[in-house]
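Engineer: Quick one: the structure is below, and I'll ask about it shortly.
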Amino acid sequence: MYNKLMLTADPTPAHRILEQVYGYKTFRDQQEIIINTLINGQDALVLMPTGGGKSLCYQLPSLARDGVGVVISPLIALMQDQVDAMLQLGVKAAYLNSSQSAEQQRDIEQQLKANQLDLLYIAPERLVQDRTLQLLLSVPVALFAIDEAHCVSQWGHDFRSDYLSLSLLYDRFPCVPRIALTATADQRTRQEIVQRLQLDNARQFVSGFDRPNIRYAITAKTNARKQLLAFLSSRRDEAGIIYCLSRTKVEETAAWLSAQGFVALPYHAGLPAELRQHHQSRFLRDDNIIIVATIAFGMGIDKPDVRFVAHLDLPKSIEAYYQETGRAGRDGEPAEAWMVYGLQDVMRLQQMQAKSTATDQFKRVERHKLDAMLGLCEITSCRRELLLHYFDDKSEVRCGNCDNCQIPPETWEATEAAQKLLSCVYRTGQRFGAVHLIDVLRGSENEKIKQFNHQSLSTYGIGKALNDAQWRSVIRQLVVRGLLRVDVEGYGALQLTELCRPVLKGEQSLQLRKEDFSTVSNKKSRNKTVVKPENEALWDALKACRKALSDERDVPPYVIFHDKTLHEMLEYRPMSRMELLTISGVGESKLDKYGSVFIEVICSHAEAINE
Ligand code: ADP
Ligand code: ZN
């Protein structure tokens, strides 16, 4: 158990714990003030993006204050890993949930009664049972941490009715400070948390939503598989998530990637629970697994070293995109959010919305959200700027870490092309979809053209200057800009809208984004902590050492050390315990457990180089 007595004489106990237990040198952002708020017995509401470092905000004050810190989390599957990680740091942590046997539960309760625990993770339904409450009332409690606090929101998609009962903490434990944490952005959810958890007196800490280490890139879909392969070609040894809309596509993509030599595992709600569990735990335990998943995969995955999130289908809102891409790079190391999207995606989502049985008001909201997402796809200026602006977060213009900042897209004078397309839509009676319209414009000679006698139209063959992909790009951009509408009931026929009038009349010119269809290669700058060739042998040895230790202990590799810690070892080559302690992520407990093994690896490579 962490020795609390050691701290009493120290004027800044928080710093000392940070160094000794976690091996970190400085607090991030608002961590220190949040931690001190709790140490002083006040409540806090914390909004911090994924990877911001929320856990430390309740773990550390639990160590500094007398009694056990009780962490309420809906994610039972994660408790084991969280507890493992704390045990590695020498913190006495445990969890209580329905996955345990009665005997295991009794054992934990005994430890609790004996005041032997620093941290206790517990599911909300368990906490509110009378038995648990009585137990907690009989021991000193350092604080209550309510993780994923947005689960109280009845409007959100993560709503848990058990969370509503958590307001009883306020009545039953009036003297115990509470901290509620979430990564969910909007103002309404925040108000709901305050109101439902009775946190009116809580200090609110709202961090920005920027994830500076994530690089955003969105490309027009030409050949999704080829594009994906090019993207993955330099990422063979990295863990990542690939999102697809449908279960079938998930399975096909995973099978296809496996055939290409990747370790790719499918995950969706239609797979048997054990298989899902198995794939998830392989993803956590090994470091080069790709999970191909529907959005059923995500909540409750806090693997810190996910290096990329790829979307093969368009998310239906910026909120969803932000949440899904946010699973990349929680460790703060460079990570990639990559997406391809095309006209089909737009049509499919619009169709889904049209068919939904929701109220008109709800549909309108959904429609606006999709439009905002499409805006993010089509924008030619900084993507991060738009993303943060969407969440009312200020940002510096041009982030330098998105595709548009790095290679500013060119635009082209597309007025004439648009006029040709629009009149072709008109002349064919607004009854046909993209494929046929392009055939007419490019003067194809197929059956359908003949059947409708479209070769006799004035627009037949007037668009040969552009190829198929270029026309699709024009159509997509006109749909997104609202000059064309997809008739969602009529099998995707394209129709004119009021907005196209000025363009058709020549009163308005049109600049469209130029898409480079020739390059599917991934020549864009690599956003990655690169291991220099002369360091590769040591890097591999460090990773192998970590993997062996993690297998031995049956924990994920990042629970032993994060990538960042290994990168620092590579850079500074610590060869003594004192030197190793200066590396970020090496605290006293891990120094004792793993110090000598890693020093040995580093020393043996120094010899190899000197010889
Ligand atoms: P969140 O819950 O907000 O998504 P975590 O609490 O999992 O984020 O923290 C993300 C990562 O950042 C973790 O690996 C954590 O160890 C690391 N971290 C947190 N605070 C610090 C700090 N002050 N210095 C260095 N690393 C930190
Ligand atoms: Zn940018």
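The values are calculated or read from the model by the stated rules, or taken from the named source; none is laboratory data. This structure is a prediction, so every number in the text was calculated from the model and none was measured. Counting neighbours? That spans all protein chains shown, and the Cβs are built from the backbone with ideal geometry, glycine included. Ligands, DNA and RNA are excluded from the accessible area calculation, which covers all protein heavy atoms including side chains. Shrake-Rupley method; radii C 1.70, N 1.55, O 1.52, S 1.80 Å.
Engineer: Set the Förster distance to 25 Å, then compute FRET efficiency between residue 544 and residue 582 from the Cβ-Cβ distance, nearest 0.05.
Structural biologist: That gives a FRET efficiency of 0.60.
Engineer: A further question on this structure: Which order do peptides 420-426, 38-44, 529-535, 470-476 fall in by mean Cβ count within 10 Å, highest first?
Structural biologist: In descending order of packing, they fall as 470-476, 420-426, 38-44, 529-535.
Engineer: Sort 153, 458 by heavy-atom solvent-accessible area, probe 1.4 angstrom, most to least.
Structural biologist: 458, 153
Engineer: Something else now. Note the full-extension length gain between residue 101 and residue 223 as 0.36 nm times their separation in residues minus their Cα-Cα distance, in nm to one decimal.
Structural biologist: 38.8 nm
Engineer: Of 168, 542, 509, whose Cα points farthest to the positive end of the dipole of the chain (charges on the beta-carbon: +1 Lys, Arg; -1 Asp, Glu; origin at the Cα centre)?
Structural biologist: Toward the positive end, the furthest listed residue is 509.
Engineer: Roll a 1.4 angstrom probe over the protein heavy atoms and tell me the percent of accessible area of region 293-424 that is carbon or sulfur.
Structural biologist: 52
Engineer: Would you work out the charge dipole size for the chain about its Cα centre, treating the Cβ of every Lys and Arg as +1 and the Cβ of every Asp and Glu as -1, and quote it to the nearest 20 debye?
Structural biologist: The dipole of the chain has a size of about 1740 debye.
Engineer: Still on this structure, please answer the following. Quote to one decimal, in nm, the extra length available between residue 446 and residue 246 on full extension: 0.36 nm per residue of separation minus the C-alpha distance between them.
Structural biologist: Extra length available between residue 446 and residue 246 comes to 68.8 nm.
Engineer: Determine the shape class of region 210-332: with a ≥ b ≥ c the square roots of the Cα gyration tensor eigenvalues, call it rounded for a/c under 1.5, and otherwise prolate if a/b is greater than b/c, oblate otherwise.
Structural biologist: Rounded is the answer for region 210-332, as its axis ratio a/c remains below 1.5.
Engineer: By a straight-distance test (C-alpha under 16 Å), which aspartates and glutamates pair with residue 514 as possible cross-link partners, with residues fewer than eight away in the same chain excluded?
Structural biologist: Counting by Cα, and skipping residues close in sequence, residue 514 has these aspartates and glutamates nearby: 378, 403, 410, 413, 416, 468.
Engineer: Hey, rough spin-label estimate for residue 413 and residue 187, points 7 angstrom out along Cα→Cβ, what's it come to in nanometres?
Structural biologist: 4.4
Engineer: Can you tell me the accessible area per residue over the chain, all protein chains present, probe 1.4 angstrom, in square angstrom?
Structural biologist: That works out to 44 Å² for each residue.
Engineer: Mind listing which chymotrypsin sites (Phe, Trp or Tyr not before Pro) in region 223-268 are in a DSSP loop and have 10 or fewer other Cβ atoms within 10 Å?
Structural biologist: Counting only loop positions with at most 10 other Cβ atoms within 10 Å, none of the chymotrypsin sites (Phe, Trp or Tyr not before Pro) in region 223-268 qualifies.
Engineer: When a/c reaches 1.5 or more, the comparison of a/b and b/c decides; with that in mind, is region 261-388 rounded, prolate or oblate per its Cα gyration tensor?
Structural biologist: Taking the square roots of the gyration eigenvalues as a ≥ b ≥ c, region 261-388 is oblate.
Engineer: Say the cut-off is 25 Å between C-alpha atoms; which of 316/355; 25/113; 355/464; 226/450; 25/590; 564/590 go over it?
Structural biologist: 25/113; 355/464; 226/450
Engineer: Quote the FRET efficiency, to the nearest 0.05, computed for residue 288 versus residue 352 with a Förster distance R0 of 51 Å and r equal to the Cβ-Cβ distance.
Structural biologist: FRET efficiency, residue 288 to residue 352: 0.90.
Engineer: Measure off 7 Å from each Cα along the Cα-to-Cβ vector at residue 468 and residue 536, then give the distance between these two points in nanometres to one decimal.
Structural biologist: With each label placed 7 Å out from Cα toward Cβ, I get 3.9 nm.
Engineer: So what is the relative contact order of the chain, in percent, for Cα pairs below 8 Å that sit 6 or more residues apart?
Structural biologist: Relative CO of the chain lands at 14 percent.
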